[in-house]
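Student: Quick one: structure below, then a few questions.
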């Protein structure tokens, strides 16, 4: 039987020992080298040419995602599975985009690692404790989850947001008119519309509403 060569890169010796013990009991896998950081992992990959790299996400010298970038830069052909205690949706998306084939949570290494390895060897991806059946759908879902929802602006126009910012800064109607280059009567009409849209009844309530709903940031950004 041809054994699949595996390298594990993790700065915690206990994790490497755990992986070593798991793979020693598996006739179809062979742990050919260990590394304590990403840079050492790349050196070992160049030396041993493994099929699988088990890569810790958080390591000194070259963290997991940076290691993936370096593997791509050097055109090193290895199927990478991330080992991690925690990972965000954004990091999963970035890892997959950089060529990772799977993610195994460290608390699930004993139960999931071998099954994940076999799935990846067979050309599958592995996420959330199971093989990925539709990678495109997973990528779309992760992209949607990683994209912040647009802030609610309550139908306020850019001019109204500008006026709100000035109100929060303590400007009078006269100040607002001068800053915006409009008449005070126009400012009053804008304020009436703003009050109607936000459901407030005075300038103090408007200022509090604007801060609580991050409208000041919206106005500054716009």
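Student: With angles folded into 0 to 90 degrees, how steeply does helix 158-168 sit against the dominant principal axis of the chain? Use alpha carbons for both and round to 10.
Tutor: That works out to roughly 80 degrees.
Student: For labels at residue 49 and residue 133 in the simple 7 Å Cα→Cβ model, what's the distance in nm?
Tutor: So the label points at residue 49 and residue 133 sit 3.8 nm apart.
Student: Just one of (1) 1.12; (2) 1.29; (3) 0.97 is Rg/Rh (Cα atoms, Kirkwood Rh) calculated from these coordinates, so which is it?
Tutor: Answer by label: (2).
Student: How far apart, in nm, are the 7 Å Cα→Cβ label points at residue 214 and residue 159?
Tutor: Here the answer is 2.7 nm between the modelled labels.
Student: Per 0.36 nm of contour for each residue apart, how much would the distance between residue 14 and residue 77 grow if the chain were fully extended, relative to their Cα-Cα spacing?
Tutor: Result for the pair: 20.0 nm of gain on full extension.
Student: Rounded to the nearest 5, what % of DSSP beta bridges with both residues in segment 4-146 are antiparallel?
Tutor: Working: 3 of 23 bridges.
Taking every DSSP beta bridge within segment 4-146, about 15 percent pair in antiparallel fashion.
Student: Sort the following peptides by mean Cβ neighbour count (other Cβ atoms within 10 Å, averaged over residues), highest first: 31-37, 205-211, 69-75. Show your work: numbers first, answer last.
Tutor: On the way: 31-37: 19.6, 205-211: 16.9, 69-75: 13.0.
So the peptides 31-37, 205-211, 69-75, ranked by packing, come out 31-37, 205-211, 69-75.
Student: Report, in deg cm²/dmol and to the nearest 500, the calculated mean residue ellipticity at 222 nm for the chain, where each DSSP H run with n ≥ 4 adds -39500 (n - 2.57) and the sum is divided by the residue count.
Tutor: Using -39500 (n - 2.57) per qualifying helix, the result is -16000 deg cm²/dmol.
Student: Quick one: if the Förster radius is 35 Å, what FRET efficiency do residue 182 and residue 88 give, using the C-beta to C-beta distance and rounding to 0.05? Spell out each step's value before the answer.
Tutor: Values: r = 45 Å, r/R0 = 1.28.
Given R0 = 35 Å and the Cβ-Cβ separation, E is 0.20.
Student: Using packing as a proxy for protection, rank 101-107, 126-132 so that the peptide with the highest average count of other Cβ atoms within 10 Å comes first. Please report the intermediate quantities before stating the final value.
Tutor: Values: 101-107: 19.3, 126-132: 16.1.
Per-residue mean Cβ counts within 10 Å order the peptides as 101-107, 126-132.
Student: Same structure, new question: If you fit an axis through the alpha-carbon atoms of helix 13-24 and take the longest principal axis of the Cα set of the chain, what angle between them do you get, 0 to 90°, nearest 10?
Tutor: 50 degrees
Student: A further question on this structure: Among 29, 195, rank each residue by its count of other Cβ atoms within 10 Å, from fewest to most, as a rough exposure measure.
Tutor: 195, 29
No value in this document is a laboratory result; all are computed from the given coordinates. Keep in mind it's a predicted model, so treat the numbers as computed, not measured. In this analysis, Cβ positions are derived from the backbone assuming ideal geometry, glycine residues included, and neighbour counts consider all displayed protein chains.
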